[in-house]
Amino acid sequence: MPVILEFEKSIYELEEKINQLREFSRTNKVDMAQSVVELEARIEETKKRVFSSLTPFQRVQLARHPDRPFPRDYINRLFTDFIELHGDRRFSDDHAIIGGFAKFDGKPVMVIGSQKGRNLKENVKCHFGCANPEGYRKALRLMKMADKAGVPVVSLIDTPGAYPGIGGEERHVAEAIAVNLLEMFNLRVPVVCIVTGEGGSGGALGIGVGNRVMIMENAYYSVITPEGCAAILWRDPAATPQAAASLRLTSSDLLKLKVVDGIIPEPLGGAHRDIEAAAKQLGEILRQQIDELSKLSPEKLREQRYDRFRAIGVFSEEKPAGAKAAKSAKAKKK
Amino acid sequence: MTLFKKHETTIAPPSTKKEIPAGLWLKCKGCDAVLYRTKLEENLQVCPQCGHHYPMTAGERIALLTDADSFKEIDADLVSVDALKFADGKTYPEKLASSRKKSGLKDAAVTGTATLDNKAYALGVMDFRFLGASMGSVVGEKITRLTELATAKKLPLVIVTASGGARMYEGMLSLMQMAKTSAALARHNEKGLPYIVIMTHPTTAGVMASFATLGDVHLAEPGALIGFAGPRVIKQTTQAILPPGFQTSEFCLEKGIVDRIIPRSDLRRELSLFLDYFAGAVK
């Protein structure tokens, strides 16, 4: 049974009707082709209507959809000869972040991905896609290996955030993330990051410093979960949709803020309704990005990555000479 | 959902405790002793009875760590902008305005160059009074510019951290400051220049997972809260019982997260010593 979100219901109902119609026409040998065609058109129309007016929180729900393709689903479809590598060489192998050498279009890359589980057993193993310090340290080890091998890094991000636990604090998860941020700026190979589902704050950024940061249409990337934000600022869980809207966490908002460089379109109805089509779209964009970046020299790649992140931020710079007019100061978008 | 349920409010019985006039006196959070505020200020905001460290303002901190009149502020005119048009009843600009009024600062970080015992260095100080010293675009930009300046002028970098984390009102713009500041530190480090972090109460979340934890030397003030995830979040998510003293400076020392815990009275002397020891790196 697929998980059906509230706003998906009308679509599933129509699809159910079509199935019934087809079944009826088959068993009773009645030609219902015309009705089926009409219904199909209605489905398309409904999908377009529903998906053209999604609220930010509905997108968050899509990004978290249990049937949504996870990084490993994309890896299986888009890469060949994937050789998974394990462990941080210090403590353990964190299943919340996977990675290894693979071929994309026959050319070698290092692919890193956060990984959620499809069932409870898997989720216990990968703690719902929330990485511990070991995950970030494994990812960095693999990225440095890519740097040595001179192959591009592809980072597929889908995590609610870093795992908040006693062990993670003791083994200094903050350091693991911070060191990744710093070291990713030193990589001399192309780095393409793609948020495929949830971009959960520092936990996502810990494998998210790229020459290009792309996002899938219905993915989100946020400094805090809308639930967390609603609890802190509104002190009311009912404010979650409002928090989701305020945080500007959707793909189109993030493109405007220049936090991401591009949006990867998803099939109508969301990536979970047609994984093959979603993977194809992701593959095309990835190809473009790798091709473009492969033309740059190692030094240029580092410089471009620095400049890309250096430019993010919105503030104004008041003139010192008694200029108190904060509000008239023009917002400087650097 | 019951997790976030509001508790019913009950009317508290009138307090039998003697009221302490606000302003002049305060009751120590550490030992309940009644402290004369002036005495506390003279003692670097440290309780003379129990040694509890109270937050310092950016100005007090700069005075503590620099030669008199040597601090030259940079980028004093950067101010935050409500880029997201964030709304939660009280708007972001109003909150900025009240923080400015309360602290006399334009944002949560003050940066500049200074000398300590005639040794030049770059200093950044965060002030918790300004929106919990959360990191938005301005804090990120100031720390980045300071680091770039230190790199260009071959100066040791010292940052006194305190932060509740990222500034939610700036959404992803604030998260990206983690990457921006780390990028600048990568270049500072590449030049072989020293970076000293002084962690004060509280240093957490996005600041902890970026520039606060990328130093060569990590010093902490006693009793500070230092960690990534909030204790409440950890408790809720894992249902674990947190060990006593979890995420304090003392816990961090035991776990190898900080080099030393330094009482405030020794901080100036120790920082000066570190600048001596690193003198070879900045020649």
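The values are calculated or read from the model by the stated rules, or taken from the named source; none is laboratory data. Because the structure is predicted, anything quoted here is derived from the model rather than measured. When we count neighbours, we look across all protein chains shown, and the Cβ atoms used for this are built from the backbone with ideal geometry, even at glycine.
Restricting attention to the range A:169-186 and to residues that are more than 7 Å from chain B (Cβ to nearest Cβ) and not aliphatic (A, V, I, L, M), the residue that is nearest to B:Glu250 (Cα to Cα) turns out to be A:Arg171.
Residues of the range B:104-115 include at least one that is within 10 Å of chain A (Cβ to nearest Cβ) and either within 24 Å of A:Tyr306 (Cα to Cα) or out of contact with any Phe, Trp or Tyr (no Cβ under 8 Å at 6 or more places or on another chain) (or both). Among the residues of the range A:207-228, some residue qualifies, meaning at least one is at the interface with chain B (Cβ under 10 Å from one of its Cβ atoms) and either surrounded by fewer than 22 Cβ atoms within 10 Å (Cβ to Cβ) or at pLDDT below 95 (or both). Counting only residues that are within 38 Å of the chain's Cα centre (by Cα) and either surrounded by 15 or more Cβ atoms within 10 Å (Cβ to Cβ) or touching a residue at least 60 places away in the same chain (Cβ under 8 Å) (or both), the range A:16-41 holds 6 of them. Restricting the range A:139-167 to residues that are over 13 Å from A:Leu205 (Cα atoms), within 13 Å of chain B (Cβ to nearest Cβ) and of a type outside the set (A, V, I, L, M) leaves a set whose member that is surrounded by the fewest Cβ atoms within 10 Å (Cβ to Cβ) is A:Gly167. Scanning the range B:144-171 for residues that are among the aliphatic types (A, V, I, L, M) and either surrounded by fewer than 24 Cβ atoms within 10 Å (Cβ to Cβ) or closer than 11 Å to A:Gly313 by Cβ (or both), we see that the one that is farthest from the other protein chains (Cβ to nearest Cβ) is B:Leu155.
For every residue, the table says whether it meets (1) under 30 Å from A:Gly106 (Cα atoms); (2) in contact with a Cys (Cβ under 8 Å, 6 or more places away or on another chain).
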| residue | (1), (2) |
| --- | --- |
| A:Ile232 | no, no |
| A:Leu247 | no, yes |
| A:Pro265 | yes, no |
| A:His272 | yes, no |
| A:Glu284 | yes, no |
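Only a single item in (1) facing chain B (nearest Cβ under 10 Å); (2) free of Cβ contacts under 8 Å to residues at least 24 places away in the same chain is not met by A:Glu303, and it is number (1). The single condition from (1) in contact with a Leu (Cβ under 7 Å, 6 or more places away or on another chain); (2) surrounded by fewer than 24 Cβ atoms within 10 Å (Cβ to Cβ); (3) more than 13 Å from chain B (Cβ to nearest Cβ) that A:Leu268 fails is (1).
Against the definition (closer than 28 Å to B:Thr144 by Cβ, facing chain A (nearest Cβ under 7 Å), part of a helix (DSSP H, G or I) and not β-branched (Val, Ile, Thr)), how does B:Ala186 come out, yes or no? Here the answer is yes, as B:Ala186 does meet what is asked.
In the range A:129-138 there is at least one residue matching the filter, namely being within 14 Å of chain B (Cβ to nearest Cβ), crowded, with 16+ Cβ neighbours inside 10 Å, in contact with a Ser or Thr (Cβ under 7 Å, 6 or more places away or on another chain) and not in a loop (DSSP other than H, G, I, E, B).
Restricting the search to helices (runs of 4 or more DSSP H) fully inside the range B:197-270 and requiring at least 3 residues that are surrounded by fewer than 23 Cβ atoms within 10 Å (Cβ to Cβ) gives B:231-238, B:249-254. Criterion applied to B:Gly140, B:Gly132 was being under 14 Å from the mean Cα position of the chain (by Cα), crowded, with 22+ Cβ neighbours inside 10 Å and outside any loop (DSSP other than H, G, I, E, B), and the one residue passing it is B:Gly140. Kindly provide the set of residues from the range A:306-321 that are more than 8 Å from chain B (Cβ to nearest Cβ), over 17 Å from B:Glu190 (Cβ atoms) and surrounded by fewer than 13 Cβ atoms within 10 Å (Cβ to Cβ), ordered by number. Residues satisfying the conditions are A:Ala311, A:Ala321. Of the strands (runs of 3 or more DSSP E) lying entirely inside the range A:187-289, those containing at least 3 residues that are more than 13 Å from B:Gly171 (Cβ to Cβ) span A:191-200, A:212-216, A:262-264.
Please go through the range A:25-73 and give me each residue that is of a type in the set (A, V, I, L, M), more than 22 Å from A:Pro265 (Cα to Cα) and not in a loop (DSSP other than H, G, I, E, B), ordered by number.
Result: A:Ala33, A:Val36, A:Val37, A:Leu39.
For the range B:191-225, taking the residues that are touching a residue at least 60 places away in the same chain (Cβ under 8 Å) and among the aliphatic types (A, V, I, L, M), the one that is farthest from B:Leu131 (Cα to Cα) is identified as B:Leu193. The one condition from (1) within 28 Å of A:Tyr220 (Cβ to Cβ); (2) touching a residue at least 40 places away in the same chain (Cβ under 8 Å) that B:Phe228 does not meet is (2). Restricted to the range A:229-257, and to residues there that are among the β-branched types (Val, Ile, Thr) and more than 8 Å from chain B (Cβ to nearest Cβ), the residue that is farthest from A:Gly200 (Cα to Cα) is A:Thr240. Evaluating A:Ala178 against the criteria (1) in contact (Cβ under 8 Å) with a residue 24 or more places away in the chain; (2) surrounded by 24 or more Cβ atoms within 10 Å (Cβ to Cβ) leaves one unmet condition, (1). Residues in the range A:254-312 that are within 16 Å of A:Tyr221 (Cβ to Cβ) and touching an Asp or Glu at 6+ places or on another chain (Cβ under 6 Å): A:Ile263, A:Glu266.
Specify which of the listed residues (B:Leu96, B:Leu40, B:Leu64) is within 14 Å of another protein chain (Cβ to nearest Cβ), surrounded by 14 or more Cβ atoms within 10 Å (Cβ to Cβ), assigned to a helix (DSSP H, G or I) and among the aliphatic types (A, V, I, L, M). The unique qualifying residue is B:Leu96. Annotation note: of B:Ile257, B:Ile234, the sole residue that is touching a Phe, Trp or Tyr at 6+ places or on another chain (Cβ under 9 Å), modelled with pLDDT under 95 and at the interface with another protein chain (Cβ under 9 Å from one of its Cβ atoms) is B:Ile234.
The criterion of being part of a helix (DSSP H, G or I), out of contact with any Lys or Arg (no Cβ under 6 Å at 6 or more places or on another chain), within 10 Å of another protein chain (Cβ to nearest Cβ) and of a type in the set (Lys, Arg) does not hold for B:Lys85. Applying a threshold of 7 Å to beta carbon distances and a minimum spacing of six or more residues, or different chains, the list of pairs starting in the range A:253-274 at a residue that is outside the structural domain of A:Arg49 (by TED's automatic domain parsing) and ending at one that is acidic (Asp, Glu) reads A:Ile263/A:Glu217; A:Ile264/A:Glu217; A:Pro265/A:Glu217; A:Glu266/A:Glu217; A:Pro267/A:Asp274; A:His272/A:Asp67.
Restricting attention to the range B:149-170, does a residue exist that is under 19 Å from B:Ala229 (Cα atoms) and basic (Lys, Arg)? The answer is yes, given that some residue of the range B:149-170 is under 19 Å from B:Ala229 (Cα atoms) and basic (Lys, Arg).
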